[in-house]
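The values are calculated or read from the model by the stated rules, or taken from the named source; none is laboratory data. Here the structure is a predicted model, which is why all the values come from computation and not from measurement. Because the Cβ atoms are built from the backbone with ideal geometry, glycine has one as well, and the counts that use them run over all protein chains shown. Remember, those area values only see protein heavy atoms, side chains included, never the ligands or the DNA or RNA. Shrake-Rupley method; radii C 1.70, N 1.55, O 1.52, S 1.80 Å.
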Amino acid sequence: MVLPLSGHQRPGSQSAESRAVPTSSRARPEAFRSRGGRADTDVMTTVSASTARMWPPDRTARTGVSGEVLAALAVLSAGVLPALLVLPHDRVVVDVNLPLLGWLPLGVAGVLLLDRVPRSAVAWAAVVVAAATPMAMLLTALPSSTPAAAVGPWWLTPLLAVAVAALPATGRSARRWRGWIVGWSVAAVGSAAVAWQLGTRTTFGVVATLGLLAVAATLVASAYVRQPRPPVEPLVDVALLVGVLASGVVAGGLMWSFSERERIFGAEVVGVLAAAVTLMMATPAAISVRRGFLARRYGTGLLTPSDLTLLSGGLRTTGDPRALLGTAGELVAAASGVAGVEIVLDEIDDRPGWTAFPLVVGDERVGTMAVRPRDPEGLEARQEHVVRQLAPTVALAARAVDLAVEAQHARNDVIREREAERARILADLHDDLGPALAGMSMRVEAARATEPSEELTALAGDLTACRADLRRIVSALTPEPLVGADLSGALHTLVSSFGTADGAVVELEAAGTGDVDGAVAIVVYRFVAEAVTNALRHAGPSRVLVRVCQDGRSLRASVEDDGRGGPVVPGVGLTSLGTRAREIGGRLDVEPGPSGGLVVSLVVPGWSG
């Protein structure tokens, strides 16, 4: 099952040549960018976009009917109307002069094209040819005793002037329309010549008229369709249609022939039923082939339920919320078949060869999605349609990531403020209260030496206990091994303190911890101390392995033992560690170990040193 993509109101015309969104002079930090694309094409290179004129250009600034259009109408009326008013009445001559009816739609198509594309050579060629040719046919027929002399395939050769006018085309759209105009013009003249030679005069008139109408329809389409489909796609559609029809005809013919040979009653009905069944079976197969062909060219164009689950659950399953932007970019690239996608939580700098789509939630712009087409001349119409449909979903994901990043920054600010306050308190206790207590102890000891008394002895004991409590409080604020040392050195000192001659072997594997400091280092250190202590006290292991390393964009610390295992009841230590882990965006995991014991892990996502 697939879900249709949500609709999206177009904020403006987008193309590889121009972007409808403003660009920012400042770039978002690289951490706020995410790129998506296929494995072989996700290198973020820039390519020069074609500066060719779009076909047709935007004419939103013009209103009313231009003088050029009125002049074209005047030319068309002067040439076509007199010829239509004096059509011959002889049956044969009427049949062969049917093209007279086809020149008028061609001229009207040229006028419509002029209205959309001013000063178009193709449009003026169509208007002039449509006006001059019927008049020339009429002038040739009037003085002749044989009106049929004014007809024949040579009277369609002026249509080739339209094809010649379409030849100087630049830009992908213009080149494609040139191919269609030239192809239909040549096909109209050629088919009319064949009909003149092989068919009747009526057949010639019908074929020639249909050819003129086909060229006229192509001109009208070029006036209103910004990007035509690549020529290969209609050819595939025609090939599939012919294949389906041919399979039905062949199946029906074979069954008809078999029924007649076997003297089955109603052979014609059997053949028709066989053809109908074949058509019903071949049509879904042809549709499936067409979908596969388009998917290979442009991507799937759909979001599956698993894709939606991946987007909606990404913030819960990944520690770094910005990774969700990469997932969204990969989904857009897979759905639209583009070469690369970059999603930024800001406006993006102008980049040649890329098309930018604003990501908007409500009235608020939350970011920009930049798409790099495979074709240097920009996105295909189908690809742009898919990307625009995906934009609202990507905008929601970008908004969620933005909120998650803001929450993460706020949490980090709180942690930094807390650590700064702890550092201030530590300094006050160590530099002020500590020396004061030491001085008081020295004076009490001096007094005891001169005048011993029970009160002074009790006071000396109290001061000693206060100094011990002070050292404990200071150690709780920052573990002493971390003062002036890095996490790796502190962990080596800690692991060495657990070693005994007849006890369990405690080993340490630490890598990539040189940049871990502050609150994260304290949490990791206390986690290792608490987890190793619990393993030695409750599991009875022979070996305890401590690992601290970077796992992708996460910092992972684990304590694995080969002891008795079993359920773990968190005490005060692990509960406190779990709280502090959540404060820095991490989590505690407990799972069975490979050697029968337990593995207790601390994971701090989004850590890259």
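Taking every pair of alpha-carbon atoms in the range 213-312, give the share separated by more than 20 Å as a whole percent. For the range 213-312, the fraction of Cα-Cα distances above 20 Å is 62 percent.
Derived scalar couplings between HN and Hα for the range 338-348 equal 8, 7, x, 9, 10, 10, 10, 7, 5, 6, 9 Hz in order, rounded to whole Hz, by the Karplus curve 6.51 cos²θ - 1.76 cosθ + 1.60 (θ = phi - 60°), x for Gly and Pro. Please report, to two decimal places, log10 I(q)/I(0) for the range 136-260 at q = 0.20 Å⁻¹ as given by the Debye formula with identical point scatterers on the Cα atoms and no solvent. Here log10 of I(q) over I(0) equals -1.12. Rolling a 1.4 Å probe over the protein heavy atoms of the range 139-263, with every protein chain left in place, gives an accessible area that is 74 percent carbon and sulfur. Within the full protein context, the accessible area of residue 453 is estimated at about 40 Å² for a probe radius of 1.4 Å. Figure note: 467, 172 ranked by solvent-accessible area, largest first, 1.4 Å probe, ligands and nucleic acids not counted: 467, 172. In the context of the full protein assembly, residue 530 retains an accessible surface of approximately 60 Å², using a probe radius of 1.4 Å and ignoring ligands and nucleic acids. Measuring only protein heavy atoms, the 1.4 Å probe finds residue 409 accessible over about 80 Å². Backbone amide hydrogens, once placed in the peptide plane, bring residue 544 within less than 5 Å of 505, 506, 507, excluding anything fewer than 5 places away on its chain. Nonpolar atom fraction for the range 373-435, defined as the carbon and sulfur part of the 1.4 Å probe accessible area, stands at 58 percent. Largest first, the residues 331, 212, 235, 302 sort by 1.4 Å accessible area into 235, 302, 331, 212.
In units of the rule-of-thumb radius 2.2 N^0.38 Å, the range 284-429 shows an alpha carbon radius of gyration of 1.38. Counting only protein chain heavy atoms and rolling a 1.4 Å probe, the accessible areas of 189, 361 rank, largest first, as 361, 189.
For the range 534-606, the carbon plus sulfur part of the accessible surface works out to 52%, probe radius 1.4 Å. Grab the other residues whose beta carbon is less than 14 angstrom from that of residue 459, score K and R as +1, D and E as -1, and report the net. Surrounding charge for residue 459 is -2.
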